[in-house]
Amino acid sequence: MKVRSSLILLVSLSFASSLIASELYKFVAWKNIPDASGYQIQIKDTQGKVIVDKKIEKNYYSVQDVGVGDYFVRTAPLNIFKKPVVWSPWKEMEVLISDIPTVDSNKDKPKLALKLQEPEKDQKQISELEIQGDHFLDVTEVEISKEEKKLPILDKQFKSDKRIDVKVDTSNATAGEYDLTIVNPFQKPQTISKFLKVEEKKEPVVEVPKGKSLNSYTYAEFMAYLNANKAESCPMTGVPGPTLSECYKDYILLNQKTNDAKDIFAFYKLISENQSDRFSSYSYFEGKCKPVFRPAKERIVDFLGKRRGSLDPEEITRLEETIKKIDSCPK
């Protein structure tokens, strides 16, 4: 087995450093497959004899009892029936040296100012954190928690033995201090208490402007306008009051006699969860050139930027076309 200091190899040799004698650990590790139902690992000697053939849960395996010599290893992710999907090629086992991971105590602990409220449907609030320390591995596990509540780790990027970057889903985070727990395989977890502080981001109160035309409102101002003009006398519908002509128990009649009423109703469809309503609104506002309807343009650009990862390709293309048409309006 080769011994190297690079962390891109498949086999790791790990030992605990402490004030007392530490036990030497050896383990093989490979790239994690998110959808795998476990893994199967095989190790053979130079004579071709398979000395290890086991199914396990984690993407690493202890080879503490494997004697000195040259070996080859291969792995396969398991499907839901615990059957191997595809085997990796046989590779020579190479050895890494690792230690108990530590976090740099000289660095300021990170703080996040977050919008602590119910997120939009299908909209995640993602925060990026940089963890600095020492003895990090590609297979170092990271957990951020407050009491028994864990923040989901969406992505972990091993940068070096002194740095790991993580993307955290903070959509449902609450204000307070969170602990960081890091652990290398077969090592004791290391917990850094109060590593992360989450504070509530105070959003400025947006008031409805006076003396401005609707098309010159910002997106936030127009949302404040809609909130201030709900159809109080017609609670059965969410259609804004200025677009209503008559309200009955089982149906409503729209007021489409003025341009303002048409613009308001088109904007109401623009922020709808119904895709066909949004498509109809895209067609409406991409033709509004004299003047451009500012709150709609801001909403469309913001919506595409934040929801690109969850929208279907057809709507992404439609949004891009609408933005291009709005931008081409004569000044």
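We did not get these values from a lab; they are worked out from the coordinates using the rules stated. What you are looking at is a predicted structure, and each value in this text was computed from that prediction instead of being measured. Using ideal geometry, Cβ is built from the backbone for each residue, glycine included, and neighbour counts are taken over all protein chains shown.
Here are the numbers:
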{"item": "Dimensions (Å) - the range 102-200, Cα atoms, principal axes, largest first", "result": "38, 24, 23"}
{"item": "Given charges at beta-carbon only (K, R positive; D, E negative), |dipole| of the range 102-200 in Debye", "result": "140"}
{"item": "Charge tally in the Cβ shell below 13 Å around Val50, where Lys, Arg are +1 and Asp, Glu are -1, Val50 excluded", "result": "+2"}
{"item": "Computed helical MRE - 222 nm, the chain, DSSP H runs ≥ 4 contributing -39500 (n - 2.57), nearest 500", "result": "-6000 deg cm²/dmol"}
{"item": "Neighbourhood net charge (10 Å Cβ-Cβ; Lys/Arg +1, Asp/Glu -1) for Trp90", "result": "+2"}
{"item": "Check: the chain dipole with +1 on Lys, Arg Cβ and -1 on Asp, Glu Cβ, in debye", "result": "560"}
{"item": "Cβ charges +1 (Lys, Arg) and -1 (Asp, Glu), total dipole of the range 143-255, debye", "result": "440"}
{"item": "Cβ-based exposure ranking for Ile100, Ile126, in which fewest neighbours within 10 Å come first", "result": "Ile126, Ile100"}
{"item": "Total formal charge among the other residues, if their Cβ is under 9 angstrom from that of Thr218, Lys/Arg +1 and Asp/Glu -1", "result": "-1"}
{"item": "Kirkwood Rh, angstrom, the range 214-327 [1 / mean 1/r, Cα pairs]", "result": "14.7"}
{"item": "Angle in degrees between helix 219-228 and the longest Cα principal axis of the chain, rounded to the nearest 10", "result": "60"}
{"item": "Relative contact order of the chain, pairs being alpha-carbon contacts under 8 Å that are 6 or more residues apart, as %", "result": "11"}
{"item": "Descending principal axes extents, the chain, alpha-carbon based, whole Å", "result": "87, 45, 43"}
{"item": "Segments 293-299, 243-249 sorted - mean Cβ within 10 Å per residue, highest first", "result": "293-299, 243-249"}
{"item": "Those lysines that a straight Cα-Cα span of less than 22 Å connects to Lys324, excepting residues fewer than 8 apart in one chain", "result": "Lys269, Lys288, Lys290, Lys297, Lys306"}
